[in-house]
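Below you'll find the structure, written out as C-alpha cells, and then a few comments.
The values are calculated or read from the model by the stated rules, or taken from the named source; none is laboratory data. From a predicted model like this one, the values you see are computed outputs, not experimental measurements. Cβ placement follows ideal geometry from the backbone for every residue including glycine, while neighbour counts extend to all protein chains displayed.
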Amino acid sequence: MARVDLQRISKSYPGLKVLDDITLSIQSGEFFTLLGPSGCGKTTLLRTIAGFNKQNDGQVLVDGRRIDSVPAHRRNIGMVYQDYAIFPHLSVADNVAFGLVMRRVAGREIRERTARALELVQLGGLAARLPHQLSGGQQQRVALARAVVVNPQILLMDEPLSNLDAKLRVELRDDIRDLQRSLGITTIYVTHDQEEALVISDRVCIMRGGRIHQVGTPQDIYARPATLFVASFVGAMNVFPDVAVGPGGEVGLGDDAPRRPALAGRMRVTLAIRPEDVRFADRPAEEPAITLPGVVTKVTFAGREAYYRVEAKGGRQLLAHVYRPHEHPLAALGERVMLALPVARLHAFATDDEGRIEMPV
C-alpha cells in the first residue's frame, strides 16, 4: 500500500494541453477512479504515474518521495491494460510469472507466488493453457494476476473491462473490487463508464479537457455535482438552461415562481433535476414543488420501474423515472399530465461559469 500525491501536473503537446495543473491525493489502500469522456486526459495521467509519459510540469510522489526520475520498470507499480497485453506464445502460468522472472526471483518462489496469484483470480486450474484457449474475461484475469503477483505498491488499471460484454463486465468488476479489498492495494482505475465508476470506487475524480471538475465519493458526486458538466455526465439529468430569476430569487420555471433566496441577485441560472426526483402531480405532494403541464411522448415499462418522456410547456423534454409503477396506473402515450419538480431537489448552476449554487432548504 502507498499514498500517491500529484502536485500541479501539466502535460502539453504542440497545440494541445492534455493535463492542466492536476493536483490530487490518493490515500493508501484507496480504490480511486479517474472518470471522464474520451480525450479528457485520464489515461495520460495514469501513464504519467506509471512513468510511461513525462509531465512538463509538476511532481509525482509516492509515500512522500518524488519518483519523477525513476524509470517505469523501477516504480514498483502493477499495470492492467485495456487490451490484456499478454504474450500469446506463453502459457497462463508463464505469463503471470514473467515479472518475477525479470526480477530474478528464485524458481521455487516464482512457482508459489504464481500459483497463489492464479487462485486469487480464479484461474488455478488453467495454468498450462495458452491465451488463445481462454475467453476474454479469463485473459483479463491473467493480466490482473500478472500485475499483482509482483506485490506492487500501486495498481493502475486502464479501462480493463471495455473489451468485455456487459455480463462479464459486471462479474469481473465485482471480482476486481473484492481482490483489491483483500490485498489492500492502492488502486487507480480509469474508465469512461459512469456506473462502473460509481459501483467500484471509494472516490471518483471527474475530468474534462485535462482539468478536474470534482473529486468525491460516488454518493457525493451523484447527489451534489459541483458543475453542470458533472451533473450531466454522471447519471441522467433533466437540464433547464437560461432560466430567468426574479429580484427576490423567484424561479421563472412553470406556472408558479417559487422563491429561492440563494438565487437573489442573479439574472439567469441553469436548473437541473434527476429523473427519479420528478413526480407526477396527481399523487400526494411531499414537499414544495414547481408544477409543469406536459404530454407523455414515450413510455418504457421495465417491471420494477418505468420511464416517461414528457414534452412540457415551451417544448422542454423531461425524463421521469418511476419506481414500482405497478402500484399506480401507467400514464398512456399522448396523455396530458402535470409534473412536479420538488424545489429541494433542484440543482442550480451559474450560467456563466457552470459552478454550483448552494440552495439551502
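Some points to look at:
- Within region 15-43, restricting attention to residues that are surrounded by fewer than 18 Cβ atoms within 10 Å (Cβ to Cβ) and on the phi > 0 side of the Ramachandran plot, the residue that is modelled with the lowest pLDDT is 15.
- Taking (1) crowded, with 22+ Cβ neighbours inside 10 Å; (2) farther than 26 Å from residue 26 by Cα in turn, residue 125 satisfies each apart from (1).
Conditions tested, residue by residue: (1) in contact with a Phe, Trp or Tyr (Cβ under 8 Å, 6 or more places away or on another chain); (2) part of a strand (DSSP E or B).
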{"site": "139", "(1), (2)": "yes, no"}
{"site": "142", "(1), (2)": "yes, no"}
{"site": "146", "(1), (2)": "yes, no"}
{"site": "151", "(1), (2)": "no, no"}
{"site": "160", "(1), (2)": "yes, no"}
{"site": "167", "(1), (2)": "no, no"}
{"site": "171", "(1), (2)": "no, no"}
{"site": "178", "(1), (2)": "no, no"}
{"site": "189", "(1), (2)": "yes, yes"}
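- Residue count for region 166-191 satisfying the condition of being crowded, with 19+ Cβ neighbours inside 10 Å and either among the aliphatic types (A, V, I, L, M) or in contact (Cβ under 8 Å) with a residue 60 or more places away in the chain (or both): 11.
- Set 340, 350: member being under 30 Å from the mean Cα position of the chain (by Cα), in the same structural domain as residue 253 (by TED's automatic domain parsing), touching a residue at least 24 places away in the same chain (Cβ under 8 Å) and within 20 Å of residue 266 (Cβ to Cβ): 350
- Scanning region 243-280 for residues that are assigned to a loop (DSSP other than H, G, I, E, B), in contact (Cβ under 8 Å) with a residue 60 or more places away in the chain, of a type in the set (A, V, I, L, M) and more than 30 Å from residue 304 (Cβ to Cβ) yields a count of 1.
- Looking across 44, 48, 33, one residue alone is part of a helix (DSSP H, G or I) and either under 11 Å from residue 207 (Cβ atoms) or touching a residue at least 60 places away in the same chain (Cβ under 8 Å) (or both). It is 44.
- Just one of (1) out of contact with any Leu (no Cβ under 7 Å at 6 or more places or on another chain); (2) surrounded by fewer than 20 Cβ atoms within 10 Å (Cβ to Cβ); (3) in the same structural domain as residue 32 (by TED's automatic domain parsing); (4) not small (Gly, Ala, Ser) fails for residue 241. It is (3).
- Boolean, residue 108 is of a type in the set (D, E, K, R), assigned to a helix (DSSP H, G or I) and in contact (Cβ under 8 Å) with a residue 12 or more places away in the chain: no
- Among (1) in contact with a Gly (Cβ under 7 Å, 6 or more places away or on another chain); (2) over 13 Å from residue 349 (Cα atoms), the one test that residue 263 misses: (2)
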